[in-house]
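Right, one structure below, let's go through it.
The values are calculated or read from the model by the stated rules, or taken from the named source; none is laboratory data. A quick note: this is a predicted structure, and the numbers were derived from the prediction, not measured. With ideal geometry, Cβ positions are generated from the backbone for all residues, glycine too; neighbour counts draw on all protein chains shown. Only protein heavy atoms, including side chains, enter the accessible area calculation; ligands, DNA and RNA are left aside. Shrake-Rupley method; radii C 1.70, N 1.55, O 1.52, S 1.80 Å.
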Amino acid sequence: MSLQASSSYAVGISSFGSPPCCVRQSPVIRAKVEPSEKSVEIMRKFSEQYARKSGTYFCVDKGVTSVVIKGLADHKDSLGAPLCPCRHYDDKAAEVGKECHCMLFLTPDNDFAGQDQAISLEEIRESTANM
């Protein structure tokens, strides 16, 4: 498991409704924990199997496929279930088990569908290395 630090800015708005020029920004440090290799591999295999059984294909841009698979693996580790990483959830735990709306599985008539129903662990690593 590797850690990756990133910084962003949180915007604080007072209850008095300060104008935007007076809004104070303070730096926020967030540690990003990579999903386990085991979960990435489980989600990779699941994705390949589902694509074959459903007659769908991965996106022609393998980076999209890789990010979604890693997001599924991350949620599998943190929530116990592969919740779709492509949407914002107010309550992630309540969403577990609902339908996925990401671009992981595309029908052949989709403009973004590639020809592949397989992706290697190495392709996932390479596509997401700088994220």
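Were the residues from LEU121 through GLN49 laid out at 0.36 nm apart, the gain over their Cα-Cα distance would be 24.5 nm.
For the peptides 47-54, 69-76, 80-87, the ranking by mean Cβ contacts within 10 Å, running from highest to lowest, is 69-76, 80-87, 47-54.
Around ILE42, what is the net charge, scoring Lys/Arg as +1 and Asp/Glu as -1 over all other residues with Cβ under 14 Å from its Cβ?
Working: positive: LYS38, ARG44, LYS45, LYS70, LYS76; negative: GLU37, GLU41, GLU48, ASP74, ASP77.
It works out to a net charge of 0.
A 1.4 Å probe run over the protein chains yields, for the stretch 43-85, 44 Å² of accessible area per residue, whole-number rounding.
Take the Cα of LYS92, step 7 Å toward its Cβ, do the same at ASN110, and the gap between the two points is 2.3 nm.
Taking every alpha-carbon pair in the stretch 52-131 and binning the separations at 10 Å intervals from zero gives 18, 47, 32, 3 percent.
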